[in-house]
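A short write-up of the structure that comes next.
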Amino acid sequence: MTKRIIPFMTAFCILISFVFAGCGGTGTSSSSDVNSELTSDTFVSFDVSSDTASEDKASETSDQSASQSPSSQTPASEPTQNTDSSPDTDPSSQSPSSDAGSDRQQIRVYAHNVCSHGDPSPGDGGETGQNPQRLPGICSVIAENAPNVVVLTECNSLWAKSVAKKCGYEIAENKRTGLSEIQVLYNAGEFNLIENSVDDSERSAYHWVILESKKTSQRFIVYGYHGTVTGSDSETARKNEINTAIALIQQKNLPAIFTGDFNTTRESEEYALTETLFANAALTAQSRYDGPTHPGWNSASRSIIDHLLYSKNKFTAKTFMALDQYDSNGTILSDHCALFAELEMN
């Protein structure tokens, strides 16, 4: 019995050893595989988050690079706009710049010889008539440019009242009647009228006012002028009129806007009298459109005889435009073009 058991036990042990050896190898392999998978999963997880972070960072870097790309940025040395050239659009269609954020008084001036006494009617042989669309057209252009000071020459009181009512202005009193009436209108929400004076001579050459800014309490003169145009000695008359204006402005010792139909060019001796005290917005404004101011009814003349001047060092000229002679409907507004300027008090 014992002899039979021993071989059996020996075989059984051998079998068991093979079984355990196989299990051990499988366990080791399995353990290694699990560890390998865990390690692999860990690195995969790390790699994925690392790749995502890299992609995010790359994307952020790319975005930053794009935002800093020279092609997407305005160069610091980019040249300023050539303000001497004609604008791409009709100057009269431009909106005035905003006063928002500025502590200084902005003065937007519209000056226009409107020839309210009449214009040549088509087909009437040159006799004086009156196009009923001119006054509404002038009101529309004034409203479009939104000046806070308006100076109208050759403007009767009825036209002035119509502009004031339509566009919301106060009129500085002018009781005179006749060809050379000069009307000054102003925005009563922005200014107080301090003083008002009209030339009482046979041919009224001026109408000036002193306005006070409700925003800054600064006072300034608006001097509307209409130069003598007829007579053998009209040049001397204009010199006297301009000297009268200069004397008054010096006497008041206030910043002044000197504007209107001077009936003389920038090359004349009369105009030269103004150059010591005044600068011309048409030549100095930061953005400007200069052009003929008296084309006449047939648009043939190229003369510049209307001017918008201001006291040197007292104002900064922001914009200036010689506006179109026609409104948007094609109505000829006057034989003169209007002037519009934006000035800032220094």
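Of all residues in segment 170-182, which are out of contact with any Phe, Trp or Tyr (no Cβ under 8 Å at 6 or more places or on another chain) and surrounded by 13 or more Cβ atoms within 10 Å (Cβ to Cβ)?
Within segment 170-182, ILE171, GLU173, ASN174, ARG176, LEU179, SER180, GLU181 meet the criteria.
Looking only at segment 291-346, which residues are farther than 27 Å from PHE191 by Cβ and hydroxyl-bearing (Ser, Thr, Tyr)?
Result: SER299, SER301, SER303, TYR326, SER328, THR331.
Considering only residues that are at pLDDT below 90 and either under 26 Å from the mean Cα position of the chain (by Cα) or not in a loop (DSSP other than H, G, I, E, B) (or both), look in segment 120-146 and name the one that is surrounded by the most Cβ atoms within 10 Å (Cβ to Cβ).
Within segment 120-146, the subset at pLDDT below 90 is 120-130.
The next check asks that each one be either under 26 Å from the mean Cα position of the chain (by Cα) or not in a loop (DSSP other than H, G, I, E, B) (or both); those that pass are 120, 128-129.
Values: PRO120: 17, THR128: 11, GLY129: 13.
Among those residues, the one meeting the criterion is PRO120.
Pairs under 9 Å by beta carbon, first residue in contact (Cβ under 8 Å) with a residue 60 or more places away in the chain and of a type in the set (Lys, Arg) in segment 295-324, partner part of a loop (DSSP other than H, G, I, E, B) and crowded, with 20+ Cβ neighbours inside 10 Å, six or more apart or different chains?
That search, which allows pairs on different chains as well, returns LYS314/PRO255; LYS318/ALA285.
Which of the residues belonging to segment 228-238 are crowded, with 20+ Cβ neighbours inside 10 Å and not in a loop (DSSP other than H, G, I, E, B)?
From segment 228-238, those crowded, with 20+ Cβ neighbours inside 10 Å are 228, 238; that's our starting set.
The one that is crowded, with 20+ Cβ neighbours inside 10 Å and not in a loop (DSSP other than H, G, I, E, B): ARG238.
For the structure I just gave you, tell me whether PRO295 is touching a Cys at 6+ places or on another chain (Cβ under 7 Å) and not hydrophobic (A, V, I, L, M, F, W, C).
Working: touching a Cys at 6+ places or on another chain (Cβ under 7 Å): yes; not hydrophobic (A, V, I, L, M, F, W, C): yes.
Against the criterion (touching a Cys at 6+ places or on another chain (Cβ under 7 Å) and not hydrophobic (A, V, I, L, M, F, W, C)), PRO295 qualifies.
The values are calculated or read from the model by the stated rules, or taken from the named source; none is laboratory data. Keep in mind that what you see is a predicted model, and the values were worked out from it rather than measured. Virtual Cβ from ideal backbone geometry, glycine too; neighbours counted across all protein chains shown.
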